[in-house]
Amino acid sequence: MIYQFRIFSDEVDLFERIISIDSEALFSDLHQAILDSVNYKNDDVTSFFLCDDRWEKELEITLLEMALNPEEDTWVMDKTRLSELLEDEGQRLMYMFDSINERALYMELEEIRSGHQEKALCIESS
C-alpha cells in the first residue's frame, strides 16, 4: 500500500507538503522525507504523535529510545513501520520538530492506495 500525507503548518500561511511513502516504510523514513522537503537538518530530537480529531496527542513515536521502564511499551521511529500504527484515511499525526518551543507540523493520512513505492517522495511543495 502507498500512503499519501498532507502536511501543513500553523506558523506559515500556504505551507503545504504532500508526501507519498510505502506503508511498510519506517517512521524514520517518513521523518527523513519531511526533513528533506523542508531543508531542515537532522540534529533535533523529534517525535511523531498520533492525534485524535481535535489534534490531541495520543501515542508518541520517538526518534530515540527513551523508555525508563523496560515494561513500558515504546515506539521508536527506526523500529516501527507506518502500517503498524496507521490504517485509516483521515488519521491525524503531529510531527514535533522543536519540543522545547512546541513547534510542529500537522499531518493527515489523505489517501491509501494499492501498490508499492521504493522511496518516499515529496510530490507537492508550496
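The values are calculated or read from the model by the stated rules, or taken from the named source; none is laboratory data. Every value quoted in this text rests on a predicted model; they were computed, and no experiment measured them. Every residue, glycine as well, gets a Cβ built from its backbone with ideal geometry; the counts of neighbours run over all protein chains shown. Heavy atoms of the whole protein, side chains included, go into the accessibility calculation; ligands, DNA and RNA do not. Shrake-Rupley method; radii C 1.70, N 1.55, O 1.52, S 1.80 Å.
Taking the stretch 91-117 as the range and being over 26 Å from Val45 (Cα atoms) and not in a strand (DSSP E or B) as the test, the residues that pass are Ser114, Gly115, His116, Gln117. Against the conditions (1) farther than 26 Å from Ser126 by Cβ; (2) touching a strand residue (DSSP E or B) at 6+ places or on another chain (Cβ under 7 Å); (3) at pLDDT 95 or above, Phe5 satisfies every one except (1). Pairs are defined by a Cβ separation below 8 Å, a sequence spacing of at least 6 or placement on different chains, a first member in the stretch 84-107 that is in contact (Cβ under 8 Å) with a residue 12 or more places away in the chain and polar (S, T, N, Q), and a second member that is open to solvent by less than 90 Å² (accessible area, probe 1.4 Å) and part of a strand (DSSP E or B); the pairs so defined are Gln91/Leu50; Gln91/Glu108; Gln91/Leu109; Ser99/Ser47. Of all residues in the stretch 84-126, those satisfying the criterion of being open to solvent by 40 Å² or more (accessible area, probe 1.4 Å) and under 15 Å from Leu26 (Cα atoms) are Glu84, Glu87, His116, Glu118, Lys119, Leu121.
Screening Ile61 on (1) open to solvent by 10 Å² or more (accessible area, probe 1.4 Å); (2) within 10 Å of the chain's Cα centre (by Cα) shows it passes everything except condition (1).
Within the stretch 66-76, being surrounded by 10 or more Cβ atoms within 10 Å (Cβ to Cβ) and either modelled with pLDDT of 95 or more or assigned to a loop (DSSP other than H, G, I, E, B) (or both) holds for Met66, Ala67, Thr74, Trp75. Does the stretch 28-39 include one or more residues that are touching a helix residue (DSSP H, G or I) at 6+ places or on another chain (Cβ under 6 Å), of a type outside the set (Phe, Trp, Tyr), on the phi < 0 side of the Ramachandran plot and touching a residue at least 60 places away in the same chain (Cβ under 8 Å)? Checking the stretch 28-39: at least one residue is touching a helix residue (DSSP H, G or I) at 6+ places or on another chain (Cβ under 6 Å), of a type outside the set (Phe, Trp, Tyr), on the phi < 0 side of the Ramachandran plot and touching a residue at least 60 places away in the same chain (Cβ under 8 Å). Applying the selection to the stretch 26-55, what residues are in a loop (DSSP other than H, G, I, E, B) and either acidic (Asp, Glu) or within 19 Å of Gly90 (Cα to Cα) (or both)? Correct list: Asp43, Asp44, Asp52, Asp53, Arg54, Trp55.
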